[in-house]
Amino acid sequence: MTATARLTLDPAFRIAPVEPRLFGSFVEHMGRCVYTGVFEPGHPAADADGFRTDVLELTRELGVTLVRYPGGNFVSNYRWEDGVGPVEERPARLDLAWRSLEGNAFGLNEFMAWAAKAGVEPMMALNLGTRGVAEALELVEYANYPGGTRLSDLRRAHGVDKPHDVRLWCLGNELDGPWQMGHKTAREYGRLAAETARALKRFDQDLSLVACGSSNSGMPTFGSWEAEVLEAAYEMVDYISLHAYYDPSDGDADSFLASGADMDHMIRSIAATADHVGAKLRSRRKIKLSFDEWNVWYQSRFRGESSLEWAAHPRLIEDDYDVTDAVVVGSLLITLLRNADRVGVACQAQLANVIAPIRTEPGGPAWRQSIFHPFALTARHARGEVLRVEPECAAIATARYGEVPAIWATATREEATGEIALFVVNRDRRGPCALDVTLPAGLVPAEHLELADEDPAARNSAADPDRVAPRPGTGLRLDGRHASLTLPPASWTIVRFAPQE
Ligand code: AHR
């Protein structure tokens, strides 16, 4: 018997506006994300700056709004000064995070020029691993001060007259992790984050600052790290970061398909931790969450940094994504939207080649991986306000997360057009689900697309770049204020409803 579910779309039940910064991505100096990813002078599609225009076009199509740079683990041993000024004078360095050779042909000013062409907001990470307050201030002066000081004039001498005016800064990266260059205890990091934030806000009190939360929810200090860091830095920072990667490798597909439930739990846990600290400090401020690394990552295939041979932009973690991975990415985006009242920034990690929606070959083509599609459609159609959607449905038993709802959904409504976009995942791989949607009066279906496949392991490749793509859904029926449709097993679906003309 086909499973059934129902949900109601009611414009009165609003969560929060859709924050454009939820559709962020991440460009790290890691593997081939920068070199032969976004930047490849000499490539037939490269522009005068060496940026691959095929990748720029795909980045725009993906709908990315913001890009975090330059790391990741890379940033914790990075000297930003190495990446500015005449390219021929820039030093080659060892990148200890990924045991890679960094030639520094791409740096801050190249990234800002690329971000302008891509139409994305930059989110810069500071090195608080091997460096500290002074270097952070110097970078911000170089990047953001108009002119007339040593570092702002240096930027101008480097050909960038106007300040970059970067608004969003990460106070380091994953400093709770023992793998991180300059790894710290929560007490050490909390104090450094607070002092760096205090100094940066003295420079410009409107900068938005992100303190590092835990590297993942499995860290032994998950929760207590955030509490201790925020106790030191609460009044000075605006966001606390979260990172989560979901690994399909162990073959437990039910748990993998329920990854959104884990992300949801993580968001609620860290929001509660931040609010607890706020209550203790009797603060009126609310700390928002920056989910600045999230994705599917076949992490257990990665043998670790120490297994790597020194090389310049080697092929690192270039995961090929299948249909199920795309469904999970769609469900993680649903989770972020469902928590739009608390999550203010989110970045899928990463943009090109390294666990990425966009793949390239050096000198060759660029193509969309399966995970590109739910991101692009969500970024394009999630507009206006997020509506509270609570499906009535069966539960699925998972080994990792216990019972989770089989149907996971969110919706957004754009006031100006009255259009509602419904995003919904059927986590059940064993069968379809008949979904009944109660709509506001006057709306009719305008578009119905789904990501599903008889072969859930199907993938795109350079030779077959469109094997996995959203297809028009079939069988959607409207009866008064009820729309009914069938969600295929393990599928992601978008339905747009628009006012009847
Ligand atoms: O995105 C890959 C790596 O994952 C990042 O460098 C690091 O921050 C995280 O552990």
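The values are calculated or read from the model by the stated rules, or taken from the named source; none is laboratory data. Because the structure is predicted, anything quoted here is derived from the model rather than measured. Note: ideal-geometry Cβ built from the backbone for every residue, glycine included; neighbour counts use all protein chains shown. Just the protein is used for accessible areas: all its heavy atoms, side chains included, with ligands, DNA and RNA removed. Shrake-Rupley method; radii C 1.70, N 1.55, O 1.52, S 1.80 Å.
Does residue 214 meet the test of being small (Gly, Ala, Ser), within 18 Å of the chain's Cα centre (by Cα) and over 21 Å from residue 19 (Cα atoms)?
yes
Kindly list, by first and then second residue, each pair from a residue in the range 205-224 that is within 24 Å of residue 168 (Cβ to Cβ) to a residue that is in a loop (DSSP other than H, G, I, E, B) and more than 15 Å from the ligand (Cβ to nearest atom), limited to pairs with Cβ atoms under 6 Å and residues at least 6 apart or on different chains.
What qualifies is 208/167; 208/238; 209/237; 209/238; 211/237.
State which residue pairs qualify: first residue touching a residue at least 60 places away in the same chain (Cβ under 8 Å) and inside the range 125-148, second residue among the hydroxyl-bearing types (Ser, Thr, Tyr) and not in a helix (DSSP H, G or I) in any location, beta carbons under 8 Å apart, and separation of 6 or more residues or different chains.
Correct list of pairs: 141/149.
Would you check if there is a residue in the range 343-354 being more than 16 Å from the ligand (Cβ to nearest atom) and in the same structural domain as residue 271 (by TED's automatic domain parsing)?
Looking for residues that are more than 16 Å from the ligand (Cβ to nearest atom) and in the same structural domain as residue 271 (by TED's automatic domain parsing), one finds at least one in the range 343-354, hence yes.
Being out of contact with any strand residue (DSSP E or B) (no Cβ under 7 Å at 6 or more places or on another chain) and in contact (Cβ under 8 Å) with a residue 40 or more places away in the chain is the filter; apply it to the range 237-252 and report the residue that is farthest from the ligand (Cβ to nearest atom).
In this case the residue turns out to be 252.
Among 5, 46, 97, which is the only one that is out of contact with any helix residue (DSSP H, G or I) (no Cβ under 9 Å at 6 or more places or on another chain) and among the hydrophobic types (A, V, I, L, M, F, W, C)?
5
List, please: which pairs have Cβ atoms under 8 Å, are six or more places apart or on different chains, and start with a residue in the range 1-25 that is outside the structural domain of residue 241 (by TED's automatic domain parsing) and end with one that is small (Gly, Ala, Ser) and part of a helix (DSSP H, G or I)?
From the range 1-25, no pairs qualify.
Return yes when residue 341 is among the acidic types (Asp, Glu), modelled with pLDDT of 95 or more and buried (at least 17 other Cβ atoms within 10 Å of the Cβ) and no when it is not.
Working: among the acidic types (Asp, Glu): yes; modelled with pLDDT of 95 or more: yes; buried (at least 17 other Cβ atoms within 10 Å of the Cβ): no.
Spelling it out, it is not the case that residue 341 is among the acidic types (Asp, Glu), modelled with pLDDT of 95 or more and buried (at least 17 other Cβ atoms within 10 Å of the Cβ).
In the range 33-65, how many are surrounded by fewer than 21 Cβ atoms within 10 Å (Cβ to Cβ), outside any loop (DSSP other than H, G, I, E, B) and in contact (Cβ under 8 Å) with a residue 40 or more places away in the chain?
4
Only one of 200, 168, 175 is more than 16 Å from the ligand (Cβ to nearest atom), under 20 Å from the mean Cα position of the chain (by Cα) and crowded, with 21+ Cβ neighbours inside 10 Å. Can you tell me which?
168
For the range 10-25, which residues satisfy the criterion of being under 29 Å from residue 71 (Cα atoms) and part of a loop (DSSP other than H, G, I, E, B)?
Selection gives 18, 19.
In the range 304-315, which residues are assigned to a loop (DSSP other than H, G, I, E, B) and touching a Ser or Thr at 6+ places or on another chain (Cβ under 8 Å)?
Those that are assigned to a loop (DSSP other than H, G, I, E, B) and touching a Ser or Thr at 6+ places or on another chain (Cβ under 8 Å): 308, 310, 313, 314.
Could you tell me whether any residue of the range 204-218 is open to solvent by 10 Å² or more (accessible area, probe 1.4 Å) and assigned to a helix (DSSP H, G or I)? If you could, list the steps in order and put the result at the bottom.
Restricting attention to the range 204-218, the residues satisfying the condition of being open to solvent by 10 Å² or more (accessible area, probe 1.4 Å) are 204-206, 208, 216-218.
Then keep just the ones that are assigned to a helix (DSSP H, G or I); that gives none.
No.
Of the numbered conditions (1) modelled with pLDDT under 95; (2) in a strand (DSSP E or B), residue 474 fails exactly one; give the number of that condition.
Every listed condition holds for residue 474 apart from (2).
Conditions (1) under 21 Å from residue 108 (Cα atoms); (2) outside any helix (DSSP H, G or I); (3) not acidic (Asp, Glu), marked per residue:
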| position | (1), (2), (3) |
| --- | --- |
| 183 | no, yes, yes |
| 198 | no, no, yes |
| 222 | no, yes, yes |
| 226 | no, no, no |
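Being open to solvent by less than 10 Å² (accessible area, probe 1.4 Å), of a type in the set (Gly, Ala, Ser), more than 16 Å from the ligand (Cβ to nearest atom) and in contact (Cβ under 8 Å) with a residue 24 or more places away in the chain is true for just one of 255, 269. Which residue is that?
Being open to solvent by less than 10 Å² (accessible area, probe 1.4 Å), of a type in the set (Gly, Ala, Ser), more than 16 Å from the ligand (Cβ to nearest atom) and in contact (Cβ under 8 Å) with a residue 24 or more places away in the chain holds for just one of 255, 269, which is 255.
Taking strands (runs of 3 or more DSSP E) that fall entirely within the range 71-149, which contain at least 3 residues that are at pLDDT 95 or above and either more than 16 Å from the ligand (Cβ to nearest atom) or within 27 Å of residue 202 (Cα to Cα) (or both)?
So the answer is 121-125.
Quick one: is residue 328 buried (at least 20 other Cβ atoms within 10 Å of the Cβ) and within 16 Å of the ligand (Cβ to nearest atom)?
Working: buried (at least 20 other Cβ atoms within 10 Å of the Cβ): yes; within 16 Å of the ligand (Cβ to nearest atom): no.
Criteria not met by residue 328.
Please specify each residue of the range 365-376 satisfying the condition of being assigned to a loop (DSSP other than H, G, I, E, B) and open to solvent by 20 Å² or more (accessible area, probe 1.4 Å).
Scanning the range 365-376 gives a single hit, 365.
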